[in-house]
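The values are calculated or read from the model by the stated rules, or taken from the named source; none is laboratory data. Here the structure is a predicted model, which is why all the values come from computation and not from measurement. Here the Cβ positions follow ideal geometry from the backbone for every residue, glycine too, while neighbour counts run over all protein chains shown. When the accessible area is computed, the model is the full protein with side chains, heavy atoms only, and any ligands, DNA or RNA have been set aside. Shrake-Rupley method; radii C 1.70, N 1.55, O 1.52, S 1.80 Å.
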Number of protein chains: 2
Amino acid sequence: MKDNNDMPGHLARRFQQIAVAVFLAEVEDAGFDLTPVQYAALATIKANPGLDQVTLAGLIAYDRTTITGVIDRLVQKGLAERRPSSRDRRARELEITDEGRRTLRKITPAVESAQRIMLRGLSAKESEELMRLLRKAIAAGNELSRAPLRAAQV
Amino acid sequence: MKDNNDMPGHLARRFQQIAVAVFLAEVEDAGFDLTPVQYAALATIKANPGLDQVTLAGLIAYDRTTITGVIDRLVQKGLAERRPSSRDRRARELEITDEGRRTLRKITPAVESAQRIMLRGLSAKESEELMRLLRKAIAAGNELSRAPLRAAQV
DNA sequence: TACTGATAGTCAGCATACTGAGCAATATCA
DNA sequence: TGATATTGCTCAGTATGCTGACTATCAGTA
């Protein structure tokens with residue numbers, strides 16, 4: 001019988017579990033209330049002003065049905081705005097608000113600290129190697145999830 | 001601005017996302033309907049007959065409030081049984097059923113295949129190294145989540 | 001034994017994630 | 001142009017995961 005520790009799927013779940021807990025703890029210590037998912041969405045909206053929801057989902061590999069709720073909460077917190085697209089009446093254009101920009105700026109140290117903490121058991125070289133291997137495995141498996149990463153259409 | 005691909009937390013989320021999708025697809029192809037979480041719980045019940053819910057949660061690092069629902073579904077599918085403990089009237093003893101045992105046996109090839117597929121971008125050596133680094137990072141971060149891994153009390 | 005603190009389990013509530021379905025709008029092509 | 005396919009978004013339903021609160025029970029101790 002294989003041990004859980006020999007199952008990459010189980011290890012993935014555990015590492016992700018710790019990563020989320022560390023992120024939330026650091027962000028809360030900094031006085032903010034933002035999830036990892038909300039942070040990634042907000043940062044991506046800031047970097048790509050006016051993008052629509054499907055494009056946003058593709059850039060961070062979220063399912064399109066998940067992104068709806070995430071944006072709802074960003075809007076409800078006053079960090080982002082959703083308005084009808086002028087080019088395509090089905091689509092919604094997303095913009096970050098000033099409040100969202102301020103939050104992103106202030107929260108950055110906590111986010112970076114979280115990334116360090118979740119790797120605290122590894123040396124710098126090991127951390128690099130872990131990220132390299134994860135990127136490689138993810139690239140090969142990208143199309144296997146319902147929400148693959150998609151480059152923006154420019 | 002840091003790219004998502006430099007954030008271990010984001011990579012963790014992506015890898016976990018792919019791992020779950022691959023697991024579900026392989027298991028469904030084999031004709032079964034079992035999630036990764038349910039599988040791990042069932043396998044652990046089989047390996048530790050009569051254990052209580054808190055011990056089970058500790059062995060697979062689930063939150064105790066999560067395990068309730070997972071066991072509900074295993075029981076509802078007829079794969080496990082929950083009965084009052086004779087030693088502690090607060091506790092429930094968990095047992096796998098014959099049906100559960102049969103399911104576990106038949107599902108094993110699909111589970112193993114899933115673990116291979118989610119690492120298909122990596123060589124054997126790289127896969128080993130990825131698992132080693134994940135184990136190391138997880139060990140160092142174990143206490144940082146609400147549901148740390150706990151050895152069984154023997 | 002009575003009090004106190006800890007423990008086992010559950011529940012309500014919230015936030016991801018997914019499946020599958022549906023609506024409105026757009027794109028494509030005969 | 002008109003039929004068809006596709007796309008953007010939303011919703012209902014289900015399954016993790018978490019926080020925080022609660023009940024019942026147990027364990028240790030004054």
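Before moving on, here are some points about what is shown:
- Between the exposed loop cleavage positions of chain B, defined as trypsin sites (Lys or Arg not before Pro) in a non-H, G, I, E, B DSSP state with at most 13 neighbouring beta-carbon atoms within 10 angstrom, the longest gap is B:3-86.
- With its label point defined 7 Å out from Cα along the Cα-to-Cβ axis, residue B:3 lies at 3.6 nm from the matching points of the other copies, in increasing order.
- The heavy atoms of residue A:3 offer some 80 square angstrom of accessible surface to a 1.4 angstrom probe.
- Label-point separation in nm, residue B:76 to residue B:135, each point 7 Å along Cα→Cβ: 3.6
- Greater than 25 Å apart at Cα, pairs in B:106/B:136; B:2/B:125; A:46/A:106; A:2/B:125; A:77/A:106; A:2/B:136: B:106/B:136; B:2/B:125
- In chain B, the portion of solvent-accessible area held by carbon and sulfur atoms comes to 49 percent [1.4 Å probe, whole percent, DNA, RNA and ligands not counted].
- Our summary of shape: the Cα atoms of chain A have principal axis extents of 56, 36, 26 Å, ordered from largest down, in whole angstrom.
- The C-alpha atoms of chain A define a longest principal axis, and helix A:64-76 lies at about 70 degrees to it.
- In percent, rounded to a whole number, the relative contact order of the range A:7-144 is 26, using alpha-carbon pairs under 8 Å and six or more apart.
- B:72, B:98, ranked by accessible area, largest first (probe 1.4 Å): B:98, B:72
- Tail weight of P(r) past 38 Å, computed on alpha-carbon pairs of the protein assembly as shown, percent: 19
- Between the helical axis of B:36-47 and the longest alpha-carbon principal axis of chain B there is an angle of about 50 degrees.
- With Cα atoms, 0 to 90° folded angle of helix A:124-141 axis to chain A main axis: 60
- Here the 3J(HN,Hα) profile of the range B:88-97, calculated from phi with Karplus coefficients 6.51, -1.76 and 1.60 at θ = phi - 60°, is 9, 6, 7, 8, 10, 8, 10, 9, 7, 8 Hz, Gly and Pro shown as x.
- On full extension, the segment bounded by residue B:68 and residue B:116 gains 14.3 nm, given 0.36 nm per residue less the C-alpha separation.
- Solvent-accessible area lost on pairing A with B (1.4 Å probe, both sides summed) amounts to about 5000 Å².
- Neighbouring partner chain Cβ atoms per residue of A:67-78, average, 10 Å criterion: 0
- Net lengthening on full extension, residue B:54/residue B:105 (0.36 nm per residue, minus Cα-Cα): 15.8 nm
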